[in-house]
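Single-structure report; data block below.
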Amino acid sequence: MTILKKIEEDLPTLSRQERKVALQIIQNPQEVQQMNITTLASKVEVSNATITRFVKKMDCHDFYELKLKLASDRPNQSKEISKGSIADEVFTFYKNVLGDTAERIDLDELRKIVDVISNCRRIYVFGIGSSGYTAQEMAQRLIRMGIAAYPMTESHIMYITSGIINKDDVILALSTSGSTTDLNKAASLAQVNGAKVIGITGVEKSRLFELCDYPVLVKNSDFIDNTHFVNSQFAITYVLDIITTLLLENDTFSKRLSHTVEIVMDNKFRNNN
């Protein structure tokens, strides 16, 4: 067993402070190889003694031995997918959606969107049906960064919310088709009340794309092959991942996220400490 696999397996048995060390190593093994014990301790805000205890639990004599084991771990080789198989078919589908979406992305525009989200009072994430699940996921991400985010997945609640919204608020509307009538009506009402509307959709000549202050166009998976029951939200999720990553360039959001992740993990594994 490699040292990284051991750290992953033993994670639930570690103390809260030791898990901070473990996550740093799992997420940045090459970076940790270049650190001394004091640098790592400072990085994850634990004591040198905590790292020493962690090292012993990983069956290493000292931190140097741990780094040697990290260096000897070979990157996982990607398993080759059999050509023509179902796995290959789905992989190709996703690759096409991702590639076509990447071509449409304007990073400067996404940075403007990130600036709008960073400075808003509240952000309401609209989505109905499959887009509703994506809206809930995105709202959770924003909340963990300390951003006041609210998922809205029911048309009546969207409309009520848009009626009391103001210029300091933002709507993030998700719709693959861009033609969801109730969502578009709610987004339009929000604009009337001064809110900015960010829209992510797969159809350029759609109502949502046309009404948005900040429209983002992704590949509509239906345009590749509508015979497959695959994740229609893949392209939208890709853009949301980029927006999330850009938001985390902000030190405040990054620190808040690290703090909330630590709290969640501490709660999850508290019975093991």
What are the ³J(HN,Hα) values, in whole Hz, obtained from phi via the Karplus relation 6.51 cos²θ - 1.76 cosθ + 1.60 with θ = phi - 60°, for each residue of region 42-56 in sequence order, with x given for Gly and Pro?
-> 5, 4, 9, 6, 10, 8, 4, 5, 4, 5, 4, 4, 4, 4, 4
Fully extended, how many nm does the chain gain between Arg111 and Ala148 (0.36 nm per residue separation, minus their Cα-Cα distance)?
-> 11.4 nm
For region 45-138, compute Rh as the Kirkwood radius over C-alpha pairs and then the Stokes-Einstein diffusion coefficient at 37 °C and 0.692 mPa s; write the answer in µm²/s, rounded to an integer.
-> 170 µm²/s
Size descriptor, Kirkwood hydrodynamic radius, that averages inverse alpha-carbon separations across the chain, Å = 21.2 Å
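Rounded, prolate or oblate: which fits region 150-189 when a ≥ b ≥ c are the square roots of the eigenvalues of the alpha-carbon gyration tensor, with rounded for a/c under 1.5 and prolate only if a/b beats b/c?
Values: a/c = 1.72, a/b = 1.52, b/c = 1.13.
Prolate.
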Please report, largest first and rounded to whole Å, the three semi-axes of the ellipsoid equivalent to region 91-136, where each semi-axis is the square root of five times an eigenvalue of the C-alpha gyration tensor.
-> 25, 19, 6
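Mind checking the per residue accessible area of region 1-124 for me, 1.4 Å probe, whole number of Å²? Please list the in-between numbers first.
Values: 7740 Å² over 124 residues.
Solvent-accessible surface per residue comes out at 62 Å².
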What is the spin-label model distance, in nm, from Leu4 to Thr38 if the labels are put 7 Å beyond Cα along the C-beta direction?
-> 2.9 nm
Any chance you could look up the accessible area of His61 with a 1.4 Å probe, heavy atoms only, rounded to 10 Å²?
-> 130 Å²
Count the net charge of all other residues whose Cβ sits under 13 Å from the Cβ of Arg121, scoring Lys and Arg as +1 and Asp and Glu as -1.
-> +1
Determine the share of the chain's accessible area contributed by carbon and sulfur atoms, expressed in whole percent, with a 1.4 angstrom probe.
-> 50 percent
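Restricting things to Cα coordinates, could you compute the convex hull volume per residue of region 1-82 in Å³? Don't skip to the end; give the middle numbers.
Details: hull volume 8.0 nm³, N = 82.
It comes to 97 Å³ per residue, whole-number rounded.
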Pairwise label distance in nanometres, Asn119 with Arg53, each label 7 Å out on the Cα-Cβ vector = 4.6 nm
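Please report the projected area of region 82-176's Cα convex hull averaged over all directions, in nm².
Values: hull surface 31.7 nm².
Computing the convex hull of the Cα atoms and averaging its projections yields 7.9 nm².
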For region 120-182, what mean projected area does the convex hull of the alpha carbons give, in nm²?
-> 4.1 nm²
Roughly what would the spin-label model give for Asn28 and Asp241, points 7 Å off Cα along C-beta, in nm?
-> 2.1 nm
With the dipole of the chain defined by +1 on each Lys or Arg Cβ and -1 on each Asp or Glu Cβ, the option from Thr181, Ala148, Gly163 whose Cα lies farthest towards the positive pole is Ala148
Work out the FRET efficiency for Ser82 and Asn231 from their Cβ-Cβ distance, taking R0 = 30 Å, and round it to the nearest 0.05.
-> 0.90
Which one of Pro215, Thr252, Val114 is farthest out on the positive end of the charge dipole of the chain, using unit charges on Cβ (Lys, Arg +1; Asp, Glu -1) and the Cα centre as origin?
-> Thr252
For region 147-155, what does the Karplus curve 6.51 cos²θ - 1.76 cosθ + 1.60, with θ = phi - 60°, yield as ³J(HN,Hα) per residue in whole Hz, taken in order and with x for Gly and Pro?
-> 8, 6, 10, 9, x, 10, 10, 10, 4
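Rounded, prolate or oblate, given the Cα gyration tensor of region 125-266, with a/c below 1.5 counting as rounded?
oblate
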Inter-part distance where region 1-79 and region 156-224 are each reduced to a Cα centre, Å = 45 Å
For region 15-105, state which trypsin sites (Lys or Arg not before Pro) are in a DSSP loop and have at most 10 other beta carbons lying within 10 Å of their beta carbon.
-> Lys79, Lys83
Dipole magnitude of the chain about its Cα centre (Cβ charges: Lys, Arg +1; Asp, Glu -1), debye to nearest 20 = 780 debye
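Quick check: residue separation of Lys205 and Val261 times 0.36 nm, minus the Cα distance between them. What number comes out in nm?
On the way: separation 56, 0.36 × 56 = 20.16 nm, distance 3.97 nm.
That pair, Lys205 and Val261, stretches by 16.2 nm at full extension.
If I take R0 = 22 Å and measure r between the Cβ atoms of Arg16 and Gln140 in this structure, what FRET efficiency does the formula 1/(1 + (r/R0)^6) give, to the nearest 0.05?
Working from the Cβ atoms, E equals 0.50.
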Sequence order, region 22-38: Karplus ³J(HN,Hα) from phi using 6.51 cos²θ - 1.76 cosθ + 1.60, θ = phi - 60°, Hz rounded, Gly and Pro as x, gives 4, 5, 4, 5, 4, 7, 9, x, 5, 5, 5, 4, 8, 9, 9, 5, 5
Leading residue at positive end of dipole, region 1-91 (Cβ point charges), from Ile25, Phe54, Thr2 = Phe54
Averaging sequence separations of C-alpha pairs under 8 Å and six or more residues apart, then dividing by the length of region 117-273, give the relative contact order as a whole percent.
-> 20 percent
Distant-in-sequence amide H partners of Lys196 (H built 1.01 Å from N, under 5 Å) | Asp169, Ile171
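Determine the relative contact order of the chain: mean sequence separation of Cα pairs under 8 Å and six or more apart, normalised by residue count, in whole percent.
On the way: 387 pairs, mean separation 47.6, N = 273.
It rounds to 17 percent for the chain.
The values are calculated or read from the model by the stated rules, or taken from the named source; none is laboratory data. From a predicted model like this one, the values you see are computed outputs, not experimental measurements. All Cβ positions, glycine included, derive from the backbone under ideal geometry; neighbour counts span all protein chains shown. In case anyone asks, the SASA skips ligands and DNA or RNA and just uses the protein heavy atoms, side chains included. Shrake-Rupley method; radii C 1.70, N 1.55, O 1.52, S 1.80 Å.
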